[in-house]
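Values quoted throughout were computed directly from the atomic coordinates according to the rules given, and no laboratory measurement underlies them. This structure is a prediction, so every number in the text was calculated from the model and none was measured. FYI the Cβ positions are ideal-geometry reconstructions off the backbone, even for glycines, and counts take in every protein chain you see.
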Amino acid sequence: MIGPHISKSGVAYPDDLVLLKRIYDQVCEERGIARGSSEASDLAIEAMKLFSAGIFDEGTIGRRLRGG
């Protein structure tokens, strides 16, 4: 999970990027999204928007990216 170094400004640190990549990879696999596709790009953008909006919880980000 995300550690106490998290910036409330939405700045992503290396550990945060690892978290976001893990969620991104899981959702791409579940939905059959090809890496490098426009859909994959949209998913990555949405993940960063969520994080930048102050959503740091892995479960919440995952649910939102899955449409839940």
The lone condition G68 fails out of (1) surrounded by 12 or more Cβ atoms within 10 Å (Cβ to Cβ); (2) more than 11 Å from the chain's Cα centre (by Cα) is (1)
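Can you tell me which residue within the range 29-68, out of those that are part of a helix (DSSP H, G or I) and basic (K, R), is farthest from Y13 (Cα to Cα)?
Residues of the range 29-68 part of a helix (DSSP H, G or I): 29-31, 38-52, 58-65.
Checking which are basic (K, R) leaves us with 31, 49, 63-64.
Working: R31: 27, K49: 15, R63: 22, R64: 21 Å.
This residue is R31.
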Within the range 13-25, residues surrounded by 11 or more Cβ atoms within 10 Å (Cβ to Cβ) and more than 15 Å from D57 (Cα to Cα) come out as D25
